[in-house]
Every structure is written in structure tokens, then in C-alpha cells.
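The values are calculated or read from the model by the stated rules, or taken from the named source; none is laboratory data. If you're wondering where the values come from, they're calculated on a predicted model, not measured in any experiment. Note that we place each Cβ from the backbone using ideal geometry, even for glycine, and neighbour counts take in every protein chain shown.
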Amino acid sequence: MPNSTLKEPEKELFSWIAPARPFKKRNREFYITLLAIAAVVGVVLFLVEGFMPVLLIISLIFLFYIMNTVPPENVEYKITNKGINVAGNKTDWNSINRYWFARRFDSELLVMETQSLPGRLEIVIDPNDKEKIQKELSAFITEEKVSPSYLDKATDWFAGKLPGNR
């Protein structure tokens, strides 16, 4: 006699393969502008706080450079009846509050607000799959776009001032 308390097995509802993150190749002018801004901020921080903040700025510029020169690998994304799998890492539905769609660097993104850090899960999608993904997600979570925070607005403003981001 089957036990009615057994949990339902995980079932894949939709899957796709896409880059791990949005990517845009930058030109030389962009990096020169970025280095000039970082140098000015670095000098000011060196005079105020010393050498440690300058090391942080150098580290962040290096990370930014690597992320913008090395193309992302393709990973497999799965929507299941239990949650979202991103390259083998599972996020349960009870950890996701809502979702919405966004665009960055010519990439269509599925953005999900999560209860764990960093607070958002951003997934690159194929625009042709958007309706299928929306249909599957709407059975589990609500589609609701979050208004941008002050940090989001400041980041967008600053990014718009850099060459190649307009």
C-alpha cells in the first residue's frame, strides 16, 4: 500500500542552456576612462585613509576587467516543480519571493528576488523562451517588478556616464 505522505519526485518543467551572466566586450576608451576615475578616487582615499582602500579599488578594477574580457561559459538552467536549478545549484520556490524580466547588455534576463544573499538571482534567457518561462514560473511565484533602489539608480546613472554604456 503506497504511503500518501511520500513527497512528489522532482520533475523538470522547462530547461535551457545560456551564458552564466550578461556579457559585453568593452573598448579601450572605456578602460582608460575607468582607470582615470579609479586613479582620482584612489589618490583621494590614499590621502584620507591610507593604502588599504587603494588596494580594494585595484582589486575591484582587476575583477571588473576580468569579468569584461573573459566571456562567460554556458550553463544549464532548469525550472522544476521544486524550484530553479542553475548549473546544479538548486533554489527552492519557498526561497523566491517574486520575479520579473529585465534587459542588460543586449541580454534578456529573468530576475528573481530571493530571501538569501545576495537577494537576487539573475538568469540569462533566450527572448524566444520568455513566454514558456513566464507560464511555468507563474504557477509557483508572482510576477512583480520591483522599483529600483537608490543604489540601483546611482549605479545606472554612473554607468550611463562611462563610454560605451549609452
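Yes/no matrix, rows are residues, columns are (1) free of Cβ contacts under 8 Å to residues at least 12 places away in the same chain; (2) of a type outside the set (D, E, K, R); (3) surrounded by fewer than 11 Cβ atoms within 10 Å (Cβ to Cβ); (4) over 30 Å from Ile123 (Cβ atoms):
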residue: Phe46; (1), (2), (3), (4): yes, yes, no, yes
residue: Leu55; (1), (2), (3), (4): yes, yes, no, yes
residue: Phe62; (1), (2), (3), (4): yes, yes, yes, no
residue: Val75; (1), (2), (3), (4): no, yes, no, no
Which residue pairs have Cβ atoms under 8 Å apart, sit 6 or more places apart or on different chains, and have a first residue in segment 1-15 that is modelled with pLDDT of 80 or more and among the basic types (Lys, Arg) and a second that is surrounded by 10 or more Cβ atoms within 10 Å (Cβ to Cβ) and assigned to a loop (DSSP other than H, G, I, E, B)?
-> Lys11/Asn81
Keeping to segment 31-44, report how many residues are within 17 Å of Phe158 (Cβ to Cβ) and loosely packed, with under 14 Cβ neighbours inside 10 Å.
-> 7
Criterion violated by Glu49 - all others in (1) more than 24 Å from Phe140 (Cβ to Cβ); (2) among the acidic types (Asp, Glu); (3) in the same structural domain as Glu131 (by TED's automatic domain parsing) satisfied | (3)
Given the conditions (1) touching a strand residue (DSSP E or B) at 6+ places or on another chain (Cβ under 8 Å); (2) surrounded by 11 or more Cβ atoms within 10 Å (Cβ to Cβ); (3) of a type in the set (D, E, K, R), and given that Glu144 satisfies all but one, which numbered condition is not satisfied?
-> (2)
Members of segment 138-164 that are under 30 Å from Lys11 (Cα atoms) and either part of a loop (DSSP other than H, G, I, E, B) or under 18 Å from the mean Cα position of the chain (by Cα) (or both) | Ser138, Ala139, Phe140, Ile141, Glu143, Glu144, Lys145, Val146
Could you list all residues from segment 24-43 that are in contact with a helix residue (DSSP H, G or I) (Cβ under 8 Å, 6 or more places away or on another chain), in a helix (DSSP H, G or I) and in contact (Cβ under 8 Å) with a residue 60 or more places away in the chain?
-> Leu34
